[in-house]
Structures are given as structure tokens and as C-alpha cells.
There are 2 protein chains.
Amino acid sequence: MIELPFAREEYQQRLGKIRAEMAKRGIELLIVNDVANQHYITGYDGWSFYTPQVVLVPIEEVEPVWIGRAMDAAGGLLTAWMKPENVVGFPEDHVQRADRHPMDWIAAWIVAKGWGNRHIGIELEAYYFSPKAHVRLVAGLPNAKWHDADLLVNWIRAVKSSPEIAYLRKASRLAEAAVARAYEVIAPGVRECDAIAAIQAAQIAGSPDFAGDITALPPTILGGENASAPHIMWSDRRFGKDETIALELAGVCRRYAAGLARTMQLGKMPARVADTAKAVIEGMDAVLDTVYPGTTAEAVEAAWRKVIERHGLKKESRIGYSIGVAYPPDWGEHTISLRPGDKTVLQPGNVVHSILGMWMDGWGIEISETILVTETGNETLTKFPRDIHVKS
Amino acid sequence: MIELPFAREEYQQRLGKIRAEMAKRGIELLIVNDVANQHYITGYDGWSFYTPQVVLVPIEEVEPVWIGRAMDAAGGLLTAWMKPENVVGFPEDHVQRADRHPMDWIAAWIVAKGWGNRHIGIELEAYYFSPKAHVRLVAGLPNAKWHDADLLVNWIRAVKSSPEIAYLRKASRLAEAAVARAYEVIAPGVRECDAIAAIQAAQIAGSPDFAGDITALPPTILGGENASAPHIMWSDRRFGKDETIALELAGVCRRYAAGLARTMQLGKMPARVADTAKAVIEGMDAVLDTVYPGTTAEAVEAAWRKVIERHGLKKESRIGYSIGVAYPPDWGEHTISLRPGDKTVLQPGNVVHSILGMWMDGWGIEISETILVTETGNETLTKFPRDIHVKS
């Protein structure tokens, strides 16, 4: 048995909140397809989601059920907190075949359990849940009444408990170490792939006291012309003598992610970079002045926008999002977004990654913080100098 | 512009094969949702698929169209081979919102292009294409006639060209280096996370001549009780004095993945491990004797099964699958599977990762090869001693 990241009471509290929301919406069975949500509820952890995998939460006070590939039920027994009979494997002869689908089997399992005629809430925008899987599930449950349950669990995840915040603090230490390592290894003539190798090694080895985990998004280091494109991967390109490089890195501890973006300058800092950095750092101050319980998400963005407009700058995309349990391909929670129109009222326990990325024509800078909303204001969990790091 | 992995003729040949298959099936527009297929067709490469992203292939001989988030169109201009107007960004205000969906915008774009009343083939089992996205796309294209196009592109990908095989050879070198690194760093008392950090650094840094890429599945090293569970991730657990450890590693070059699994033994090799390894290595010989043009996938598995049954062993799961262009969460191509019932006739240019994983009760061993089907037989692209590596 791998040590659970949390005490059982934590899982019971989560289930209590989920069931209260289910009751409010008239949902008697929740089908959880989002892998991060599955982990949040059960503790299950494995790289097994390339075949279908669901977690079932019945409204009554019984343990949830994990169902995945038979081969991976062994991992369920090692990582999930439920009793062994609540870790269920579908047969190997259902894996990636044209003539049958794991969802046929899962639907039949739900019917056999007596849950086939329930009001079923389901997540329909989970990354590894396909349209075909959904069609097969629905066909196998002809008596179910379906409810859209997208983000039901995510919104509960948006408020973190103290044990969760403790992991986010550890993750923040790893994010800081990753940026520090990037500052060390990136230099003119060094290949991007060698820099990424060193950074990722730091992220994964973690600290002497705890391991690092895979980051949901791989490290991005955007230099040269790539700096205009936020999600380009590395290559064997060598860093130039004079180059502005945006680093978007993370630290992850027991699946909890903290993001930290910083920018470094090789050679001489161009005036446009210095000017933009000044505006962005001032913008971050405005963000931090505005994040407190009772502010809306859109008010935070408005405070930022006011600053950068004064500097003659503009940014189309949102400037932050809720962050927490993270599986690839995304460490955002898809709930709170810091942008116009998002009227979410921030509350203690929310954690947002505010990322001020300015991707200009052929260059760019990024500065971010992972920010906890406290009872009275906020705390930046990531603690690292914000200035552009010049290496000449 | 990032250097394209292939000459334009290679992409034109791929499109020719795809269009021939579209014509055969009466498909006038193909909507490609699978990220690996998108890369195969366009060269587009970025970690941007956590928001919706499609590639459109019209039947007429014009360039395909990439559509993704506006922020990522910059990456499209740097990595895809098409002209700039065929790289299209949907507006930032469509990202992760309850009141609108990127697929609304994409459907409207298709209608505006005059393709709304076509016979449209679509991939419905792609990892990052959700049931909700599909519903919105269909609602926005009321005059389309829909065709199931799952695996249409994947089956074309199953036959590799020489330039693709050249990348798979490079990837195989990196896979071998990753296993060699694992043999070096894993020892009693070493933490799993530190071993993984070193292995992943080797995978990503690559060779002095070319970069390594992210592997679609992270490295798995399964020791101690975890060895019964094939897809468990690492932790800060320390390797024991006597432990059998299964390594499932990969090397990736320009997105082409080669898999290589090996097993190492810390301390004294138990008889059960030695006996099982003997059976598995003999089973691999049977696999390699049976892989040649004209064999069926199921015949390869039958040859393996005959051997291990003679040793009194049994394996439920398939023993291999087609491998090539790989994005997380899977490096398999979902076409050829080496298992009973798969009557695919192997042909020159197929590449399979044959993985003989025996996950027993509390221990396990894995031995694999990435195998190219040649004109006359086969060639193991991965070249590395198969014996269990004992470190005492």
C-alpha cells in the first residue's frame, strides 16, 4: 500500500460536500470522468487513463467505486483508500477493440449494481472521456435520467483545506527550485533540451524530504522567435548571445501543482523588455492588492488591465486560473478565471495561478505567482524575486 | 520557423493516402481530433491541446487547416507547414467558459468556408475531444452528414516511411540510453524519484546530435510491491536490498517513440524470477521468429503463448501494439494489437512494441522490443541485452 496523501477524514469531508451538491441537484449517482477529480475523491493514482476509467459516487453514504482496466486494478488496491471490492477491473479483452467498448461493460456493471434507473450526473468535458465512450455508456443505461455535472467536483476543489495547502507550499518550494535551476543552466550556446533535462530532473527529484511529481504541463522555456508562442516545446536549438527567455515552470508534490513563471535575459536587456517588465511587475502588484475574500475574479483582472493600459499595453487572454490537483494535460481547474465577465467571488482557500504572459511579436515575457486567498487577504505561495534575471 | 521533421513531399504523400481512403468512404471533409494525427498531417507541435484543437482535411487538393486557441496560432505559424491563412485561432473569450464553446466558433468557421453541408468524417475516440465538444460541433453543423472516421489516419500511420524509421532508430538509441542510465542509478537505498529524475534527464537531453522529447508515458520503474501494478508512478520510496524491478522506458525523437522494457534485480535473484525470465526471453524469441510480412497479429501472440504455457505461465493482456508518433497519454497507435482475434496481416513498415509484462502477485518482470517489419522478416530497432540485469 502506497501512503495516502491525506487522512481518511479528508476524503470523507470531500465526499460530504460532493453529496450535498448532488442532493441539491437531484443527482443520485455521479460518474466522474476527470482524472484529477477521480484522484481527489479516491486517492487512485496511476498512468492508466489512456484506457477508460471512471469513479462512481452514489448518493448514499457508501464508498465510491473506481472502475478501470483489469491490469490497473492492482494499482487501485495500492493507491485508493476504498475496500478492495470497490476497485473494479474491466476485462482485458475490452481494451481498444472495434467490436466492444469498456463502457459497455461499465454500464452493465452499474445496472447489475441496481443503479441503472437513477438520476445520473456525468462529466461531459473530461479530457480522456470520448464522445464514443459516452454514446456507449448511454446506450447501456437506457433507464437513467442524465444530468450535466461538469465542474461539480472542480468547484468543490477550488476551496483548499489546510492539508492541501501544505502540499501546495511544498510544490511552491519545488517551483522555486526549478526556476533557480533554469537560471543556473541556461546560457548562450546551451541547447534547450539540455536545459529542460536539468530543470525536469530538479522538478522530479524534489527535495531531500519529499519527491517531486510529473508536472501536468511540461516545462516551457521560450526564447528567440519561439517567445511569441506560449506552448511550443523544446528542441536542440542553442540559446543565443542576446535573448529574452520566458520560463513557465511548476513544482508538484503528491499531484498538487504550483506554477511559477519568470523571465531571464541573456546579454543586454533591450529597452522594450525592461519597459514591459516594469509594467508587468506593477501589474502583479495591482493583482496582489486586489486578491482578498469578497473580490470578484473580474475585479482582479480589471486592476491589472488598468495598470498595463497606462503603460500602453494590452493582453487578450485571461491572467489567471484556479490551480490544485493536476494531471496532464492541464494544471488549471477550469473554474475561476481572472478575466472580464468572471463574477466568481474569491473566498479563503482559493488558490490561483496568476500568470502575466505578454507574448509579443517575436519576443515575450512571463511573470506569475501562485496565490492563496487567506481570511484577510492573500499570500503568494511562490516566493521568488520578480525582476528579470539578467545573465550577461 | 522551427525545422520541419520531414520534407513537404512526405506530408503530401500522407495526405494522398488519407484522401484516397476518404474518397473510398465517401468522406468530403475529415475532422481530425487526435493530437498525434494532427501532428502527422500538419507538423503542428505544441502543448496546446488542453483547449480544443482540430485539423480539417478537405477532400480537394488544398492544404489542411489547423484550428486552435488564438494564443497558439503563433505556434502554428512556427511549426506547421501550411500557409499562414491555414493556421486559424479561435478567440480567447471562448476558452473554458460555460456560456460558449470553441466548437461553436469552429463549426461556424466550417460553415463560412462552405463545408457545412458535406459528408464529414470525424474521430470520436480522440483523447482531448469531449462529448460536450462533439455535441456543440454537431449542433453548429446541422446540414452535415456524419461518418465515423476513428482510426482512419491511425491505420495509415501504421505503415512507416524510411524517414519515419530513421527517427525511430534515433528514438531507439535514446531508449537504450535510458535503460543503461537506470541500471547505473538504481541501487538499494536510492529513492525512486531520484532515479526517475536521472532517467528522464537522459531521455530529454537526448544525444549530442539530436534532442530527446517528452515521452508519451512517463518512465515507470516498478519495484517492491508496486511491481504487481503496471502503471503506478514513482514516490520517495527507497529501493530495497533485494528487489526485482521492472523498467518500462522509452526514447522519443521528433515525437517518434521507441519503447524498451527491461528488468533488473537488486541482490540475489529468486528462482521464480529466473524461471519466469527464461520463459519470457524464450517467448520473445518466438515472437521474433513469427514477425514477418504476411503473419497475422494473432499468430504472433499464439507463438508466444505456446512457449509460456509450456512453462506453466499465463498472460491475459495483449503482448504488443503499433507504435510511432506519440503524444500523452499513450504511445500506442490503437491499430495493430498482438492478441487473439486480431487478424491484421503484418506488412513491411509496421512497427510494433512487443511488451512481455508478467505482473505477478507482488512482483513482476517486463521485457520488450520495438520491432520493425521488414520486406523479408523483422529487425529489432531496440538493441540491448535481454537478460535480467543483476546488481548485487
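Assorted remarks:
- Long-range tail of P(r) for the range A:212-338 (Cα pairs > 27 Å, %): 27
- Net charge over other residues, Cβ less than 12 angstrom from the Cβ of A:Phe49 (K, R count +1; D, E count -1): -3
- Here is how far apart the B:Val159 label points are across copies: 6.0 nm, shortest first, using a point 7 Å from Cα toward Cβ.
- Folded to 0 to 90 degrees: helix B:131-140 orientation relative to chain B principal axis, Cα: 20
- Rounded to the nearest 500, the helix-only mean residue ellipticity at 222 nm of chain A stands at -11000 deg cm²/dmol, with each DSSP H run of n ≥ 4 adding -39,500 (n - 2.57).
- GluC sites (Glu not before Pro) lying in DSSP loop within the range B:44-148, provided at most 11 other Cβ fall within 10 Å: B:Glu60, B:Glu61
- Shortest-first distances to equivalent copies, position A:Ala187, nm, label 7 Å out along Cβ: 2.8
- Each other copy places its own label point for B:Thr376 at 8.1 nm from this one, sorted shortest first, where the point lies 7 Å along the Cα-to-beta carbon line.
- Selected from B:Val352, B:Leu174, B:Val291, residue furthest toward positive end of dipole (the range B:162-391; charges at beta carbon): B:Leu174
- Kirkwood Rh in Å, taken over all unlike Cα pairs in the range A:8-157: 15.2
- Amide H contacts under 5 Å for A:Arg69, placed H, 5+ residues apart: A:Phe90
- Within the protein assembly as shown, percent of DSSP bridges classed antiparallel, to nearest 5: 75
- Per the Kirkwood formula applied to alpha carbons, the range A:301-392 shows a radius of gyration over Rh ratio, Rg over Rh, of 0.98.
- Cα-based shape type of the range A:162-391, given that a ≥ b ≥ c are square roots of the gyration tensor eigenvalues and the cut on a/c is 1.5: oblate
- Sorted largest first, extent of the protein assembly as shown alpha carbons per principal axis (Å): 77, 59, 58
- The lysines whose alpha-carbon is closer than 28 Å to the alpha-carbon of B:Lys113, local same-chain residues fewer than 8 away aside, are A:Lys132, B:Lys17, B:Lys24, B:Lys83, B:Lys132, B:Lys145.
- Given in Å, the Rg to one decimal and the Dmax to the nearest whole number for the Cα atoms of the range A:198-268 are 13.4, 40.
- Among the trypsin sites (Lys or Arg not before Pro) found in the range A:300-352, those both in a DSSP coil and sparsely packed, with 14 or fewer other Cβ atoms within 10 Å of their Cβ, are A:Lys314, A:Lys343.
- Rg(Cα)/(2.2 N^0.38 Å) for the range B:149-280, N = residue count: 1.17
- The GluC sites (Glu not before Pro) of the range A:277-363 that meet both conditions, a loop assignment by DSSP and at most 15 other Cβ atoms within 10 Å of the site Cβ, are A:Glu316.
- The count of lysine pairs in the range A:162-391 that are at least 8 places apart or cross chains, and whose C-alpha atoms lie under 20 Å apart, stands at 14.
- Stokes-Einstein D in µm²/s, Kirkwood radius over Cα pairs - chain A at 4 °C with 1.567 mPa s viscosity: 58
- Compactness of the range B:1-86 - radius of gyration and Dmax, Cα, Å: 12.4, 37
- Relative to the longest principal axis of the Cα atoms of chain A, the long axis of helix A:192-205 makes an angle of roughly 50 degrees.
- By the Cα gyration tensor, the range A:117-224 has an equivalent ellipsoid whose semi-axes, rounded to whole angstrom, run 41, 19, 11 from largest to smallest.
- Averaged over the residues of peptide B:327-334, the number of Cβ atoms from other protein chains lying within 10 Å of each residue's Cβ is 5.
Every number in this text was worked out from the coordinates using simple rules, so none of it is lab data. Note that the coordinates shown come from a computational prediction; the quantities given were computed from them, not determined experimentally. Because the Cβ atoms are built from the backbone with ideal geometry, glycine has one as well, and the counts that use them run over all protein chains shown.
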